[in-house]
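Structure record follows, encoded as structure tokens.
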Amino acid sequence: MIKLVAFDWNGTLFNDTQAQFQGFNHTLKQFRRKPISLSQFRQTYDVPFSRMWLANGGLISEMPEQNRIFFGSYNKHFGQIPLKKHAKKILAWLQKQKIKAIIFSNHPSRLITRDMARLKIETLIKKVLGRPPGDHTHITQRSKEHRLQKYLQTIKVAPGEVLCVGDTIEEVEIAKDAHFISAALTTGDCSAQRLKKLKPDYLITDLFKIANIISKHNEHP
């Protein structure tokens, strides 16, 4: 029985793939490198972000400056980025079903909560597990799964009771390692082809498909 849905933020609930893409190309330009297509962005997107930078001709030594330039460009979109289609609808449905919805993300917590308030979904999210101030681990390593596991221990939810929803290979791999149920959204930062290769439990094109997944599991646990 699914009791909790752990959502990724960027590209999953938050429709910011285009803003990330533009920020990445702006950063490449600042380092005098050739810009990439959206298709290439989705084919090389990865966490830690150093992997993606290297895949597009960057150097590890450039990462601190790369991160600064990228966020300088990305933050110019503040107040303009909407939720993904049906994001608020599925969150309201989960609340009605008394199923917890949380966010676990590589994005700073303060920026997530800022946009949640703007988009009026703060009452629909039980917990935000984002990066704390001064934490830059996303550049060279993965860490958000550790924050999620620690939280799950405090509320005593078993792995089989968690649905992990994300748009990148990171969330699918986290779900597999932790024995969560996985749903990969194909309209975000990673291509459908890459996600399909990892064989998530569910491959979805619309967030409201989560209602069908949960209904299926909870009617026939």
Point to revise | Top-ranked residue in region 113-154 [being loosely packed, with under 15 Cβ neighbours inside 10 Å and of a type in the set (Asp, Glu); ranked as modelled with the highest pLDDT] | key: Glu122
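For region 33-112, which fully contained helices (runs of 4 or more DSSP H) count at least 3 residues that are among the hydrophobic types (A, V, I, L, M, F, W, C), modelled with pLDDT of 95 or more and within 17 Å of the chain's Cα centre (by Cα)?
Numbers: elements: 38-44, 49-55, 63-74, 87-96.
Once the helices (runs of 4 or more DSSP H) in region 33-112 are filtered for at least 3 residues that are among the hydrophobic types (A, V, I, L, M, F, W, C), modelled with pLDDT of 95 or more and within 17 Å of the chain's Cα centre (by Cα), what remains is 87-96.
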Practice item. Tell me which residues, restricted to region 49-77, are surrounded by 14 or more Cβ atoms within 10 Å (Cβ to Cβ) and under 23 Å from Asp115 (Cα atoms). Key: Phe49, Asn67, Ile69, Phe70, Phe71, Ser73, Tyr74, His77
Practice item. For region 1-20, name all the residues that are among the hydrophobic types (A, V, I, L, M, F, W, C) and in a helix (DSSP H, G or I). Key: Ala19
Review point. How many residues are touching a helix residue (DSSP H, G or I) at 6+ places or on another chain (Cβ under 8 Å), in contact (Cβ under 8 Å) with a residue 12 or more places away in the chain and closer than 23 Å to Thr187 by Cβ when one looks only at region 27-41?
Key: 3
Review point. Assigned to a loop (DSSP other than H, G, I, E, B) and of a type outside the set (A, V, I, L, M): does that describe Gly23?
Key: no
Review point. Which one is farthest from Leu54 (Cα to Cα), of the residues in region 113-150 that are over 16 Å from the mean Cα position of the chain (by Cα) and β-branched (Val, Ile, Thr)?
Key: Thr123
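The values are calculated or read from the model by the stated rules, or taken from the named source; none is laboratory data. All values derive from a computational prediction rather than experimental measurement. Ideal geometry is used to build each Cβ from the backbone, glycine not excepted, and the neighbour counts take in all protein chains shown.
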